[in-house]
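Colleague: Below: one structure in structure tokens.
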């Protein structure tokens, strides 16, 4: 059982690290704020989620695992919310995505 | 491994500092300042100073960033460039930096057991705390009991800073001039952002619970009044951002806030006077109970409560003062 858990945990840790790396490359390489936020959101959600789950498997049935699980829950709530709020603020302040034709039938509060 | 983390974090700190200096947009500078504090908190954590790390994260990265953003609402967000005196400033900064760098060569190495800081009173604190106060977190013992005068001074400094800001900006409704109902009537910052509103409201009670945990668990783990006060203020500020100034001011009216500011410091000083009346010295908690060890614990819990109340209400009052001006 232990090797299986270890293997799964390392898979999650390495996978999480990979997502963080991809997110980092994305932030540097993608053209505008919205696409970069997409990359940053990857680090926020998939990256931290997989790393923390991997750490929970390493911790076993302890108080540390419970604390890590609580961190997962809070990050799952706050990470996407922060990404949404940032995108919303950028949109409302008039920043338009690059290389994209904006549809003409946008709701009224999003038109400028 | 610790050295590797240290080098990584310190390099990021330098990069962030250069970013702050180079930023012309003050909004960018404030956000970079928050990142600087967060990196600093990680640094303190790597150095095993968990209490300081918690304070830095809560106050430096959290509340002070919000307060600076509140201040930015009052001023233009572009830095004014002045060409005069820049060479002189650069020369002075370079000279100071080189002097400080030169002075670090005399510093003991990291973790050196022969360093003066580990030779002076620290061994005594570590040996005597289990006997005299019997709490696991020596930092709280040092802060609350051995160095109780210093901490009282810090609380007075926080209170004075709060009074200063209120003198400069004023707090509507605090002294009966305007009612909270008049303040920011119906104004909510996020009222058309449903997702942040729902998630934010969901988080507020948990942040408050965490603040109480940090407040009352300070004897056993990292934490205490300063951190708890900042976290509690952050929870109310989040509530104010979601539900609007008016709701937050109804929750804790400005008149109450001003009383709370003073009563926190008063509670701290009052414990000192009480110990004097009971026949001890100022802030000698041992006399509070027939058992001196228990008296010490009671004293620390009471003064930590005073610190928490003062810090939370001062931070909230400053936030409300900025928010009332920003409209």
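The values are calculated or read from the model by the stated rules, or taken from the named source; none is laboratory data. Predicted, not measured: the structure shown is a model, and the values here were computed from it. Cβ: placed from backbone, ideal geometry, glycine included. Neighbour counts: every protein chain shown.
Colleague: Criterion first (surrounded by 15 or more Cβ atoms within 10 Å (Cβ to Cβ), within 14 Å of chain B (Cβ to nearest Cβ) and either without any contact (Cβ under 8 Å) to a residue 60 or more places away in the chain or out of contact with any strand residue (DSSP E or B) (no Cβ under 6 Å at 6 or more places or on another chain) (or both)) does residue A:77 satisfy it?
Modeller: So residue A:77 passes the test.
Colleague: Same structure, new question: Can you pull out the residues in the range B:7-25 that are in contact (Cβ under 8 Å) with a residue 24 or more places away in the chain, part of a helix (DSSP H, G or I) and in contact with a helix residue (DSSP H, G or I) (Cβ under 6 Å, 6 or more places away or on another chain)?
Modeller: The answer is B:9, B:12, B:13.
For every residue, the table says whether it meets (1) surrounded by fewer than 12 Cβ atoms within 10 Å (Cβ to Cβ); (2) within 14 Å of chain B (Cβ to nearest Cβ); (3) assigned to a helix (DSSP H, G or I).
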{"site": "A:12", "(1), (2), (3)": "no, no, yes"}
{"site": "A:23", "(1), (2), (3)": "no, no, yes"}
{"site": "A:28", "(1), (2), (3)": "yes, no, yes"}
{"site": "A:56", "(1), (2), (3)": "no, no, yes"}
{"site": "A:85", "(1), (2), (3)": "no, yes, yes"}
{"site": "A:99", "(1), (2), (3)": "yes, no, no"}
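Colleague: State whether the residues of the range B:62-74 include one that is free of Cβ contacts under 8 Å to residues at least 40 places away in the same chain and under 24 Å from residue B:271 (Cβ atoms). Outline the logic, then answer.
Modeller: Residues of the range B:62-74 that are free of Cβ contacts under 8 Å to residues at least 40 places away in the same chain, as a first pass: B:64-65, B:68.
In the following step, the residues that additionally are under 24 Å from residue B:271 (Cβ atoms) were identified as none.
No, there is no match, as no residue in the range B:62-74 is free of Cβ contacts under 8 Å to residues at least 40 places away in the same chain and under 24 Å from residue B:271 (Cβ atoms).
Let's see how each residue does on (1) assigned to a loop (DSSP other than H, G, I, E, B); (2) modelled with pLDDT of 90 or more; (3) more than 19 Å from the chain's Cα centre (by Cα):
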{"residue": "B:268", "(1), (2), (3)": "no, yes, no"}
{"residue": "B:274", "(1), (2), (3)": "no, yes, yes"}
{"residue": "B:283", "(1), (2), (3)": "yes, no, yes"}
{"residue": "B:290", "(1), (2), (3)": "yes, no, yes"}
{"residue": "B:295", "(1), (2), (3)": "no, no, yes"}
{"residue": "B:307", "(1), (2), (3)": "no, yes, no"}
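Colleague: If I go through the range A:11-66 residue by residue, how many of them are free of Cβ contacts under 8 Å to residues at least 12 places away in the same chain and closer than 20 Å to residue A:81 by Cα?
Modeller: Result for the range A:11-66: 1.
Colleague: On to the next question. Residues that are closer than 16 Å to residue B:323 by Cα, surrounded by 20 or more Cβ atoms within 10 Å (Cβ to Cβ), modelled with pLDDT of 80 or more and within 14 Å of chain A (Cβ to nearest Cβ): does the range B:211-234 have at least one? Full working, then the answer.
Modeller: Start the filter on the range B:211-234 by keeping residues that are closer than 16 Å to residue B:323 by Cα, which leaves B:233-234.
When the remaining residues are screened for being surrounded by 20 or more Cβ atoms within 10 Å (Cβ to Cβ), the result is B:233-234.
Then drop every residue that is not modelled with pLDDT of 80 or more, which leaves B:233-234.
Now restrict to residues that are within 14 Å of chain A (Cβ to nearest Cβ): B:234.
For the range B:211-234, residues closer than 16 Å to residue B:323 by Cα, surrounded by 20 or more Cβ atoms within 10 Å (Cβ to Cβ), modelled with pLDDT of 80 or more and within 14 Å of chain A (Cβ to nearest Cβ): present.
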